[in-house]
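Input: a single structure, listed below in structure tokens.
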Amino acid sequence: MRCLLLAWMAMAAQAAAQVPDSGRWQELRFSAEEVGLRSEDSFIELTVVQAAAGRLDRDRVLLARVKRITDSLVRAAVVLKPDAAAWPWEVRLTDDPAVEAESRAGGKLLLGRAFIARLALDDGELAFLLAHEIAHAVAEHARETLSEALLDSRRDLPLDVVEERLASDIPLQFRLSRLTAIQEREADQLGILIAHRAGWPSDASLRFYRKLAADEAGASLFASHPSATSRLSLAKGMSRLLGD
């Protein structure tokens, strides 16, 4: 009986985790290794398609800026999540106008050059955009969403089946929309903290969210996020809290 209890406790510990800084508990039913490998494979496929279309990493000057800023943010992020130091971090730039900014498990980042140009982001503002995406990775939001989709199915399904269902099942996406909203606010808060610890001034976060608010009327990726007005309010609160 004692052995069974210890085994159950070990399984429970593997299924539960806390988001850095906020301490919010997560149910994580897929391993970080499995999700990370799937993420790396899909990111390779994505970048191969972008490269074949002649859209990948064409602006070498901007790419160098993005990599320099990302390096500073990752150094701050791994203090909050030491496991992230071993991730194969990678940031790429695309000319695909449909891409604005996205992250994948294990530290894979893709930024849209048109989005950066449209908002005319300086280095500080770009740091807060990147920090938001890095925060998603550090908080393991993709792994959490997949795990919640598995729990929703009430069946033991492999990761690839859950991914397909999550991509195509609109009712499932709706049921997970509350979690998505929590994750987006969390990524804003954690991202601001990461950028602050990396030495980027909080007034750059205010400029960034003001630009998002001005851009919000357009067809933006961030339309699926909380309103830019509420995000700006959060940034102001974080700025006061961090003492900038």
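The values are calculated or read from the model by the stated rules, or taken from the named source; none is laboratory data. Bear in mind the structure is a predicted one, so any value in this text is a computation, not a measurement. For neighbour counting, all protein chains shown are included, and Cβ atoms are generated from backbone atoms with ideal geometry for every residue, glycine included.
Hey, does region 184-198 have a residue that's touching a Gly at 6+ places or on another chain (Cβ under 7 Å), in a loop (DSSP other than H, G, I, E, B) and at pLDDT 95 or above? No, the conditions are met nowhere in region 184-198. Candidates are the residues of region 10-61 that are assigned to a helix (DSSP H, G or I) and of a type in the set (Val, Ile, Thr); the one that is farthest from Arg104 (Cα to Cα) is Val61.
Exactly one residue out of Leu151, Leu159 is of a type in the set (A, V, I, L, M, F, W, C) and in contact with a helix residue (DSSP H, G or I) (Cβ under 8 Å, 6 or more places away or on another chain): that is Leu159. Where residues in region 199-210 are assigned to a helix (DSSP H, G or I) and of a type in the set (Gly, Ala, Ser), which of them is farthest from Leu121 (Cα to Cα)? By that ranking, first place goes to Ser202.
Table: residues versus (1) aliphatic (A, V, I, L, M); (2) closer than 22 Å to Gln18 by Cα.
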| site | (1), (2) |
| --- | --- |
| Ser103 | no, yes |
| Gly124 | no, no |
| Glu164 | no, no |
| Gln173 | no, no |
| Arg178 | no, yes |
| Ile192 | yes, yes |
| His196 | no, yes |
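Let's see how each residue does on (1) part of a helix (DSSP H, G or I); (2) of a type in the set (Val, Ile, Thr):
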residue	(1), (2)
Arg75	yes, no
Asp83	yes, no
Val99	no, yes
Ser103	no, no
Gly106	no, no
Glu125	yes, no
Phe128	yes, no
Ala142	yes, no
Arg165	yes, no
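For Leu157, the conditions (1) assigned to a loop (DSSP other than H, G, I, E, B); (2) within 25 Å of Arg210 (Cβ to Cβ) are fulfilled apart from (2).
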